[in-house]
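These notes concern the structure reproduced below.
Please treat every number below as a calculation from the coordinates, not as lab data. Predicted model, so just to flag it, every value in this text is computed and none were measured.
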């Protein structure tokens, strides 16, 4: 008896939810009239057909005038039926492909608000499901990830907000999809935008970083996680796009090929040289700020960033700069230092902080790597400006330092190159497997292809 009552309650709730869904679809359908002339066209066609039906039917059946009038009266009595059919047509026209199936999935797992409304499905594609949340927070979607994956028979790559707080987008992949354990890095699978880099590949495609929007990166991972290879892949992309790269590495650059060292890539392995380089970069930042101001005076046009400057002044275009600090703790840790060395480190941290705060507009970007789980090694002013964070396999301490949560501790231990990023609500991806560093087809000193500055964003 208990289960019977529960089933009856569920059936009533589902019927109520279905009614709310239908009403929402009708509202959505009428809302489309304001910008879709096709809706007006088929509406007029429908009602003209309804009005003409009595005469058409009477003519086909050979009715006389009296019969035609009686038939008209019958059709008049059936007007509510025609109205209901019209409303159903409106609802169907506002229903994306597979929307009802997605709605049923929400209802089956109890994803409804207090008014028993399921999320309203706005659009469904092979890779995304967009919904209007109807007051259900993003966190609840994340909490129901496993249930949603089972109900929808898919893998949910990420949840993210849509055009506003009321819209949520689910990035999905087929239910049997799996991340590869190795992804070869070639020029064919890298992004074309001169300010866009790829971290690797997620279930729904490449994980891209647009430096114009998210200029600085923080990368963590324990020994063997693939952190160094991720940093190497970013440097390769930067050099291929004609960026200037400065590598700050207290280990003497043992992880980086010496063949990279040249006019666009330099290694700096002492705190003195690191401070010197950072000082030059801060001066570069100030010079670019002055250049932006001069250009605004000359042209009368606003120049808020490097892309605008290069577009207005292509003959004197500035290149983007990537500053890679490998194992940040080795550079910033002052444990056991005397006063002069502490002052040196503090000066370095200050310069890094300046670049982190102001570098975006002037095309100067930081990539900072951290292996040692020590929060004191990561100054707050630097961490707070690191918009992009990625962490490979790590313990809870390091994961929390990098990601502000322990999610990286759940990554598989036997798959090097597997990372989680803070982008789009926590995307898991596989980093690139680098080609032979001597591969002529991927020469970092080659300024052809994307590196000539001629590509389009």
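Taking the DSSP beta bridges with both ends in the stretch 119-217, the antiparallel portion is around 100 percent.
In terms of its C-alpha gyration tensor, the stretch 96-177 has a rounded overall shape, because the principal axis ratio a/c (a ≥ b ≥ c, square roots of the eigenvalues) stays below 1.5. Considering the chain at the alpha-carbon level, its Rg and Dmax are found to be 30.1, 112 Å. Can you tell me the 0 to 90 degree angle between the C-alpha axis of helix 65-77 and the longest principal axis of the chain, rounded to 10? Approximately 40 degrees, to the nearest ten.
Over the stretch 183-452, what is the percentage of antiparallel beta bridges among all DSSP beta bridges, to the nearest 5? Just about 40 percent of them are antiparallel. Helix 227-240 and the longest principal axis of the C-alpha atoms of the chain enclose an angle of approximately 90°.
On a 0 to 90 degree scale, rounded to 10, what angle separates helix 2-31 from the longest Cα axis of the chain? The angle comes out at about 90 degrees.
In the chain, what % of DSSP beta bridges are antiparallel (nearest 5)? Percentage antiparallel, nearest 5: 55.
For the chain, the mean residue ellipticity at 222 nm estimated from helices alone is -13500 deg cm²/dmol, where every DSSP H run of n ≥ 4 contributes -39500 (n - 2.57) and the total is divided by all residues, rounded to the nearest 500.
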